[in-house]
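Working notes, structure below.
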Amino acid sequence: MFNTEQMNVFTSTYLVPWSINLAAALLIFIVGKVVSNLLVSVLGKVLAKTKLDNILVEFIQTLVYALLLIFVIVAALDQLGVNTTSLIAVLGAAGLAIGLALQGSLQNFASGFMLLTARPFKTGDYIEAGNSAGVVEKISIFSTVLRSPDNKEVTIPNGAIYGHNIINYSTRETRRVDMVFGVSYGDDIRKVREIITGVLQSDERVLEEPAPTIVVGELNDSSVDFWVRPWVNTADYWPVKWDLTEKMKLAFDEQGVTIPFPQMDVHVDKAVSN
């Protein structure tokens with residue numbers, strides 16, 4: 001059993017200082033956490049006024065909060081007398097090991113950061129990237145989710161997107177519809193041009209400016225090819241392309257214009273025997 005003198009020594013030497021350090025550590029942690037939340041909230045309001053994507057803003061807030069909280073915890077442990085120098089070294093070594101093990105994920109993270117910052121596309125855009133095409137459903141820090149035209153969900157790592165070409169079909173207000181119509185060599189190309197012009201003018205979705213292009217683009221083996229390139233609003237691209245293809249065929253049939261099949265004429269010379 002401790003006598004009164006030993007108890008006083010224990011209290012003054014260990015209990016009181018440890019209690020003070022514990023209270024100070026708790027105070028540091030509580031105040032630090034409150035200040036961290038306040039700083040992150042202010043940072044969120046500042047970033048909200050920029051053009052950064054909400055996903056990126058939330059990620060930056062989470063990252064900053066995590067770093068601040070680590071700083072607060074280290075400060076609290078230091079107040080308790082823990083050797084934080086060794087702890088920081090251990091955390092650094094662990095971070096390096098994790099970074100080496102997750103190189104692919106870090107690449108996707110860096111690419112996701114760049115995609116959310118540069119914003120070459122946004123949710124709802126139809127894009128072609130990472131050997132896939134579809135409507136952008138979700139952009140996260142590690143991957144991007146597309147909805148393919150046949151309603152499949154395609155998840156692409158951001159590293160595979162940012163490191164290659166990105167084609168965004170939705171970013172411009174207008175698009176050009178490129179079509180080719182082949183007619184027979186026996187048809188009057190001036191008449192064909194008039195038919196094509198009439199079909200284009202009958203569709204209100206075809207824009208007057210820029211004016212449609214109608215030219216004889218190529219003389220093929222079996223046909224005279226007209227290159228027809230009207231401009232439409234981006235949202236009307238596929239409906240116009242399909243409708244014009246059908247209307248051109250019907251108009252050619254009504255006017256007696258022939259769309260020839262591929263064919264080859266073979267001439268055989270008979271050998272003349274003596």
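All of the numbers you see were taken from the coordinates with simple rules; none came from a lab. No experiment lies behind these values; they were computed from the predicted model shown. All Cβ positions, even for glycine, are placed from backbone atoms using ideal geometry, and neighbour counts span all protein chains on display.
List of remarks:
- Greater than 21 Å apart at Cα, pairs in Lys152/Lys247; Lys191/Lys247; Lys122/Lys152; Lys191/Lys249: Lys152/Lys247
- Cβ-Cβ FRET estimate between Gln201 and Glu128, R0 fixed at 22 Å, reported to 0.05: 0.10
- Ratio of the Cα radius of gyration of the range 120-168 to 2.2 N^0.38 Å, where N counts its residues: 0.96
- Sequence-separation-based contact order of the range 174-255, relative, with Cα cut under 8 Å and 6+ spacing, percent: 43
- Near Phe226, the amide H atoms lying under 5 Å from its own belong to Phe181, Gly182, Val183, Gly217; only residues 5 or more places off or on other chains count, and H is placed 1.01 Å from N.
- Placing +1 on the Cβ of every Lys and Arg and -1 on the Cβ of every Asp and Glu, with nothing else charged, gives the range 94-229 a dipole about its Cα centre of roughly 620 debye.
- Gained length - Glu208 relative to Val35, 0.36 nm times residue gap less alpha-carbon distance: 56.3 nm
- The simple spin-label model puts a point 7 Å past each Cα toward its Cβ; for Ala118 and Val154 those points are separated by 1.9 nm.
- Spacing of the modelled spin labels on Glu218 and Asn21, each 7 Å from Cα toward Cβ, amounts to 8.3 nm.
- The range 106-173 versus the range 214-238: alpha-carbon centroid distance in Å: 30
- Available extension along the chain between Glu173 and Glu246 is 23.8 nm, counting 0.36 nm per residue and deducting the alpha carbon span.
- Here the scattering of the range 174-255 is modelled by Debye summation over its C-alpha atoms, one equal scatterer each and no solvent; at q = 0.22, 0.24 Å⁻¹ the log10 of I(q)/I(0) is -1.03, -1.19.
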